[in-house]
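S.K.: Before I ask anything, let me first share the structure, which is written out below as structure tokens.
The values are calculated or read from the model by the stated rules, or taken from the named source; none is laboratory data. Note that the structure is a prediction, hence the values are computed from the model and not measured. Every residue, glycine as well, gets a Cβ built from its backbone with ideal geometry; the counts of neighbours run over all protein chains shown.
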């Protein structure tokens, strides 16, 4: 579940840091790396093995729908990001808190997972990518700032 949540957290746009040496290539997880490259235009969504992450990638590229995401929380998060659903329909408390923080109806401090919380703060400009312990999420944070 934690890996799933990290993948979801990585769907968010980056954070603030001047350490641009990190890039998508620094991400160890092959699906997260492929997703990162696809978002930057240097890869394709089709190269992502995880079906939900691949579906999310297609949604972001305008070639898919949230309904194609199997995981109910990821699907609800996708709909909420599009304005076609609400954060309250997300069962996972950290993802729900993250959603509320993105929508301006909550704070990053409500996120229990320390790496997700740090990523949220970095996204809002109230923290840095360097404070994220998970190496893949930290690399993704830096890559988003490139």
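S.K.: Every residue in segment 65-86 that is touching a helix residue (DSSP H, G or I) at 6+ places or on another chain (Cβ under 9 Å), surrounded by fewer than 16 Cβ atoms within 10 Å (Cβ to Cβ) and over 21 Å from residue 48 (Cβ atoms), please.
M.R.: 84, 86
S.K.: I would also like to ask the following. For residues that are more than 19 Å from residue 76 (Cβ to Cβ) and surrounded by fewer than 21 Cβ atoms within 10 Å (Cβ to Cβ), scanning just segment 87-114, find the one that is nearest to the chain's Cα centre (by Cα).
M.R.: At the first step, the residues of segment 87-114 found to be more than 19 Å from residue 76 (Cβ to Cβ) are 107-109, 114.
With the extra rule that they be surrounded by fewer than 21 Cβ atoms within 10 Å (Cβ to Cβ), the set shrinks to 107, 109, 114.
Numbers: 107: 16, 109: 17, 114: 15 Å.
Only one residue fits best here, namely 114.
S.K.: I'd like to know if segment 19-31 contains one or more residues that are assigned to a helix (DSSP H, G or I), under 15 Å from residue 139 (Cβ atoms) and at pLDDT 95 or above. Write out each step before concluding.
M.R.: Step one: filter segment 19-31 for residues assigned to a helix (DSSP H, G or I), giving 24-26, 30-31.
Retained after the next criterion (residues that are under 15 Å from residue 139 (Cβ atoms)): 24-26, 30-31.
Going one step further and asking which of them are at pLDDT 95 or above, we end up with 30-31.
Yes - at least one qualifying residue is present in segment 19-31.
S.K.: Do the conditions hold for residue 143, that is, is it crowded, with 20+ Cβ neighbours inside 10 Å, under 14 Å from the mean Cα position of the chain (by Cα) and at pLDDT below 90?
M.R.: Details: crowded, with 20+ Cβ neighbours inside 10 Å: yes; under 14 Å from the mean Cα position of the chain (by Cα): yes; at pLDDT below 90: yes.
Considered against the rule, which asks whether it is crowded, with 20+ Cβ neighbours inside 10 Å, under 14 Å from the mean Cα position of the chain (by Cα) and at pLDDT below 90, residue 143 comes out as yes.
S.K.: Being exposed (fewer than 14 other Cβ atoms within 10 Å of the Cβ) and within 18 Å of residue 84 (Cβ to Cβ) is the filter here, so list the residues in segment 29-64 that pass it. Before the answer, list the steps.
M.R.: As a first pass, look at segment 29-64 and keep what is exposed (fewer than 14 other Cβ atoms within 10 Å of the Cβ): 30, 40-42, 46, 49, 51, 61-63.
Of everything in segment 29-64, those that are exposed (fewer than 14 other Cβ atoms within 10 Å of the Cβ) and within 18 Å of residue 84 (Cβ to Cβ) turn out to be 61, 62, 63.
S.K.: Could you check segment 122-133 and list, in sequence order, the residues that are crowded, with 21+ Cβ neighbours inside 10 Å and either assigned to a loop (DSSP other than H, G, I, E, B) or more than 13 Å from the chain's Cα centre (by Cα) (or both)?
M.R.: Filtering segment 122-133 down to residues crowded, with 21+ Cβ neighbours inside 10 Å leaves 122-123, 129, 132.
Residues satisfying the conditions are 129, 132.
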